[in-house]
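See structure below.
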Amino acid sequence: MANKKENIMAKPNYRATIIRLAFFLSLFLPSISFAATVTGKVTDKQTAQAISDCKVKVMSPTGKTLVSGQTSASGEYYLSGTFGGLILVGVEKPGYKTQTITRVLSGKTALVEDFQLEKTPVNNTPVIASLLPTNRTRLIAGDSLTISVTASDADSDKLYYCYYLDSKVIQSWTTASSYIYKTSSKDEGRHTVKVEVKDNRGGIANKSAEVYVYFYAPKM
């Protein structure tokens with residue numbers, strides 16, 4: 001009886017082994033590769049016109065490029081290579097938003113994917129129409145120097161202003177389009193007043209002027 005019991009205990013558990021093997025294989029199935037193709041056409045979402053010279057690539061789930069190419073004059077692309085399972089297909093071109101999709105190739109060797117790309121919004125840089133003080137403005141030490149800017153933005157973006165005396169910031173970014181600087185005897189000499197104007201989308205412009213501060217009224 002003892003030997004029979006030992007034999008029963010020693011008998012392998014085939015069912016558990018098969019379950020473990022299936023689980024192990026399932027971890028690698030998504031990475032199984034085979035000869036496959038990805039084709040399609042890329043067009044402008046607004047105009048429906050074909051977009052040429054787009055970079056199209058097939059990537060692994062980690063973002064590694066497996067195969068890449070470009071669209072033709074008619075916006076079409078054809079990519080072939082050895083890949084499968086979970087893949088990413090991405091399209092990019094300057095001036096357009098990059099687009100990436102996720103697909104699973106499982107026993108399917110041909111994938112057709114069309115893309116409609118949206119243009120990246122164009123941001124107009126702010127325009128400075130005028131700056132006060134004008135160039136070569138003269139002041140007496142102790143006078144107030146009023147720095148005033150007239151600027152506009154074609155996109156109607158909110159504008160922000162930064163004021164400099166020489167290379168030193170005297171007023172950091174603010175929505176106020178003017179700033180008053182009180183001069184003193186230590187400011188005697190020639191200086192450069194500069195104003196930077198930016199919108200909230202990265203557009204920036206600047207304008208500067210030279211001013212002279214005298215300890216006493218200069219002879220004219």
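None of the figures in this text is laboratory data; all of them are computed from the coordinates on show. Computed from a prediction, not measured in an experiment: that's the story for all the values here. Cβ atoms come from the backbone with ideal geometry, glycine included; neighbour counts cover every protein chain shown.
For a bin width of 10 Å, list the pair-distance distribution of the range 96-211 built from all Cα-Cα distances, rounded to whole %.
Going from the shortest bin to the longest, the percentages are 12, 33, 18, 11, 9, 8, 6, 3, 0.
Using a basic spin-label model with each label point 7 Å from the Cα along Cα→Cβ, how many nm lie between residue 73 and residue 136?
Those two pseudo-labels are separated by 5.8 nm.
So who's got an amide H within less than 5 Å of the one on residue 155, skipping anything under 5 residues away but keeping other chains? H placed 1.01 Å off N, in plane.
124
Which whole-Hz couplings ³J(HN,Hα) result when phi for each residue of the range 159-170 is put into the Karplus expression 6.51 cos²θ - 1.76 cosθ + 1.60, θ = phi - 60°, listed in order with x for Gly and Pro?
Whole-Hz 3J(HN,Hα) from phi for the range 159-170: 10, 10, 10, 10, 10, 10, 10, 6, 9, 9, 6, 9.
Label residue 34 and residue 178 with points 7 Å out from Cα along Cα→Cβ: what is the distance between them in nm?
7.6
Taking a spot 7 Å from the Cα of residue 52 along the direction of its beta carbon, which residues of the range 75-108 have an amide N less than 17 Å from it?
Residues 75-78, 93-94 fall inside that zone.
Which entries of 64/108; 64/93; 41/64; 41/198; 64/198; 57/108 show an alpha-carbon separation above 27 angstrom in the structure shown?
Distance filter (> 27 Å) returns 41/198; 64/198.
So what are the ³J(HN,Hα) numbers for the range 85-90, from phi and the Karplus equation (6.51, -1.76, 1.60; θ = phi - 60°), rounded to whole Hz, Gly and Pro as x?
Each residue of the range 85-90 in turn: x, 7, 9, 10, 10, x Hz.
Tell me, in nm to one decimal, what length is gained between residue 120 and residue 143 on full extension, where the rule is 0.36 nm per residue of separation less the Cα-Cα distance?
3.5 nm
Around residue 84, which amide H atoms from residues at least 5 apart in sequence, or from another chain, sit under 5 Å from its own amide H, with H modelled in the peptide plane?
Sorted by chain and number, the residues that satisfy this are 34.
Report the chymotrypsin sites (Phe, Trp or Tyr not before Pro) located in the range 172-220 that are in a DSSP loop and have at most 15 other Cβ atoms inside 10 Å of their Cβ, or state none.
In loop regions of the range 172-220 (DSSP not H, G, I, E or B), the sparsely surrounded chymotrypsin sites (Phe, Trp or Tyr not before Pro) are 215, 216.
Determine ³J(HN,Hα), in whole Hz, for all residues of the range 118-131 in sequence, where each value follows from phi through the Karplus function 6.51 cos²θ - 1.76 cosθ + 1.60 and θ = phi - 60°; x replaces Gly and Pro.
9, 5, 6, x, 8, 9, 7, 5, x, 10, 8, 7, 7, 9
Can you list residues from other chains, or at least 5 along the same chain, whose modelled amide H is less than 5 Å from the amide H of residue 111?
37, 38, 39
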